[in-house]
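Derivation of every value follows stated rules applied to the coordinates shown; laboratory data play no part. All values derive from a computational prediction rather than experimental measurement. Neighbour counts run over all protein chains shown; Cβ positions are idealised from the backbone, glycine included.
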Amino acid sequence: MIDVARKYVFDFDSTLTRVEALDVLAEMTLKGKSNRDEIIEEIQKITNLGIDGDISFTESLERRIKLLNANKSDLSALVEELRHKISKSIESNKEFFEKFSDDIYVISCGFKEFIDPIVKEYNIPSDRVYANTFEFDSDGKIIGFDAENPLSQHNGKIECLKQMDLDGEVQVIGDGYSDYVMREAGIADKFFAYTENVHREKAASNADHVTPNLDEFLFVNDLPRNISYPKNRIKILLLENVHPDAFENLSEDGFSVELVKHSLTEEELIEKIKGVHVLGIRSKTQVTQKVIDAANKLLVVGAFCIGTTQIDLDHCKRNGVVVFNAPYSNTRSVVELAIGEIIMLMRSVFPRSTEIHKGQWQKTAVGSREVRGKNLGIVGYGNIGKQLSVLAEAIGMRVYYYDVDDKLALGNAVKCNTLEDLLSVSDVVTLHIDDNKANKNFIGEREINQMKTGAMLINLARGFVVDIAALATALKSGKLGGAAIDVYPEEPRSNGDFITELQGLDNVILTPHVGGSTQEAQRNIADFVPNKIMEYVNAGSTVDAVNFPNIRLPKQNKAHRFLHIHKNVPGIMAKINEVLAKYEMNISGQYLSTDNEVGYVITDLDKEYNKDVIKALKKIENTIKFRVLY
């Protein structure tokens, strides 16, 4: 099979650069003018009319130049500005322009005065740049353009490309009407609608291929590129109305992201997850064994919350699916709610508020106490427990804590050797333990009986750690003086009706699992989890993964990175290196981390690789997943 010679014709504005150069020039030359914004808006409007073919390009050019009020001396500053406005994926694939420079052309309705110096840095000489040229008066003011140049005329790119008479398959890459008409006219073989900077529906609907970035264009044409698989082909599904910042962070990095506001049933998720590379959930969606088995492309699950009991972590691991959560992002929110509830319970704020709502005035100090000098018992001295310890001490409480692990006390907090010791001394007990299934009914009838009579219980941890029936009995009998419950053994999948035995009880604060649900916490989570996802998908880093060996990787620089996940059996590393040696691959860096079940090897190679090496690595016995990053 003989490869067809190709010629690549690029547009400049909004393709090679992120902007329309004349718009940028207008912003510079009109700076300080009182009507600057109105003129710029008018110039942009005229630009778009010309790009979409709604007015002739000649008219568009004439009208914009009249409004510009620019001088030849402004052009050097414009060029400098444009150097910082190169399209992100163009800049990261400079090697393509250097390697295929003989086959790359620029045809633009812009101007050579500012295009030439920019594309020269991408190894495209002036004689392969076809563009307009300015006309200046004796003072250097831009007064017009060369009207004899076909590119100053309507559909001028057609005439220009026709005169060039290029051999081989001609591919046009651009964002507007003037680009796709070359394909319509039959003088270009393919038109790629470039949408990285602007999506013009007319261009996209008339394209042979919509390319959100240069990586996609290079991938389709099997050309050298910065990354092996375009990010726009990586599908991310975000469920349960995660904060919009998560959508923006992941979309901005180039991924294709779908946002669903509610959770999905197992059956719905099994159908939806086919072809999905990254799944983002909160606490209601269950990622079961059946879901994982149906996920034919799944790489990562991101839990936009602290808990991960809704995810089958072991089955994810066995299938090479890495799981991240947000263990610290909502810590402050939970702690603040705990402090608020301690004060509200001790002051009997909830009963007084309920009475007022019913029209009853009961001004009394009975059952109302200061928190200063009272004993707070913190069960679980992790991130939340420790921060709560500091704040509670700051408002004058004496802090006691109990944890199954040996934890260093902060401030004046006192460590209790047993849970019973803590329960017996505390005026308020607050739970901050993990979602280990062994913690079911951690606080039951026996533990409640060990608490002080009249003490308060707060649960902002997990619903199943408290025996609700035993708690209700203790509250009704007066054994406990109050409770604040945010989590329940069974919670509805969506907002609506809800029943619990604790409803209607005096001095009981009930909230619908909102301990970490503040705007700040959700924004923090929407930053933290996507960053972990991107670090893994983009670079292979598994730092903070909850179910996988953790590897922190140095930044890769001009090398290929292979990721190999395998069952942790002897000899895999030797087999990997045997394959690499066979294909004469030079290893510049190699990293391995294992746990009892899986091993994770990252290999950086500083030589072009034969595609047969990938097939050989995938065929190694006990391989779970293999991926090439660059």
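Ordering of 299-311, 442-454, 139-151 by packing is 299-311, 442-454, 139-151, highest average first (other Cβ atoms within 10 Å, averaged per residue). Note on the chain: helix-only mean residue ellipticity at 222 nm, from DSSP H runs of 4+ residues weighted -39500 (n - 2.57) and normalised by residue number, equals -10000 deg cm²/dmol. Sorting 604-614, 560-570 by their mean Cβ neighbour count within 10 Å, with the most densely packed peptide first, gives 560-570, 604-614. Classified by the C-alpha gyration tensor, segment 67-122 has a prolate form. Its axis ratio a/c, with a ≥ b ≥ c, is 1.5 or above, and a/b is larger than b/c. Of all DSSP-defined beta bridges confined to the chain, some 30% are antiparallel rather than parallel. When the trypsin sites (Lys or Arg not before Pro) in segment 334-379 are filtered for DSSP coil states and for at most 13 other beta-carbon atoms within 10 Å of their beta-carbon, the remaining sites are Lys358, Lys363, Arg372.
Each part reduced to its alpha carbon centroid, segment 154-217 and segment 364-385 end up 68 Å apart.
Here is the size of segment 556-628 from its Cα atoms: Rg then Dmax, 11.5, 34 Å. When Cα extents along the principal axes in Å is computed from the coordinates, the matching label among (1) 105, 48, 40; (2) 96, 69, 44; (3) 152, 59, 43 is (2).
Which of Leu166, Gly110, Val220 sits closest to the plus end of the dipole of segment 103-240, meaning its Cα is farthest towards the positive end, when Lys and Arg get +1 and Asp and Glu get -1 on the C-beta? So the residue furthest toward the plus end is Val220. Using Cα positions and a limit of under 12 Å, work out the aspartates and glutamates in reach of Lys575, with same-chain residues fewer than 8 apart set aside. Of all the aspartates and glutamates, those that pass the test against Lys575 - Cα under 12 Å, at least 8 places apart if same chain - are Glu621.
For Lys437, a cut-off of 22 angstrom between C-alpha atoms picks up these lysines, skipping any fewer than 8 places away in its own chain: Lys284, Lys290, Lys317, Lys407.
Charge dipole (Cα centre; +1 on Lys/Arg Cβ, -1 on Asp/Glu Cβ; no other charges) of the chain amounts to roughly 2360 debye.
With a/c under 1.5 counting as rounded, go ahead and sort segment 107-175 into rounded, prolate or oblate using the C-alpha gyration tensor (a ≥ b ≥ c being the square roots of the eigenvalues; past the cut-off, prolate if a/b is larger than b/c, else oblate). Oblate. The DSSP beta bridges internal to segment 6-220 are antiparallel in roughly 20% of cases. Listed here are the pairs Lys274/Lys618; Lys261/Lys615; Lys261/Lys476; Lys202/Lys297; Lys141/Lys190; which of them are more than 30 Å apart at the Cα? From Lys274/Lys618; Lys261/Lys615; Lys261/Lys476; Lys202/Lys297; Lys141/Lys190, over 30 Å: Lys261/Lys615; Lys261/Lys476; Lys202/Lys297; Lys141/Lys190.
Computed about the Cα centre, the dipole magnitude for segment 292-440 is approximately 460 debye when only Lys and Arg (+1) and Asp and Glu (-1) carry charge, each at its Cβ.
Would segment 337-443 count as rounded, prolate or oblate if I go by the C-alpha gyration tensor, calling it rounded below 1.5 in a/c and otherwise prolate when a/b exceeds b/c, oblate otherwise? Prolate shape, in that a/c is at least 1.5 and a/b is the bigger ratio. If only the Cβ of Lys and Arg carry +1 and only the Cβ of Asp and Glu carry -1, the dipole of segment 74-153 around its Cα centre is close to 340 debye.
Here's the picture: charge each Lys and Arg Cβ at +1 and each Asp and Glu Cβ at -1 in the chain, and of Ser517, Leu502, Ala338 the one pushed furthest to the positive end of that dipole is Leu502. In a Debye calculation with equal point scatterers on the alpha-carbon sites of segment 26-103 and no solvent, what is log10 I(q)/I(0) at q = 0.12, 0.13, 0.26 Å⁻¹? So the normalised log intensities work out to -0.51, -0.59, -1.13.
Listed by chain and number, the aspartates and glutamates whose alpha-carbon sits under 20 Å from that of Lys358, ignoring those within fewer than 8 places in the same chain, are Asp506.
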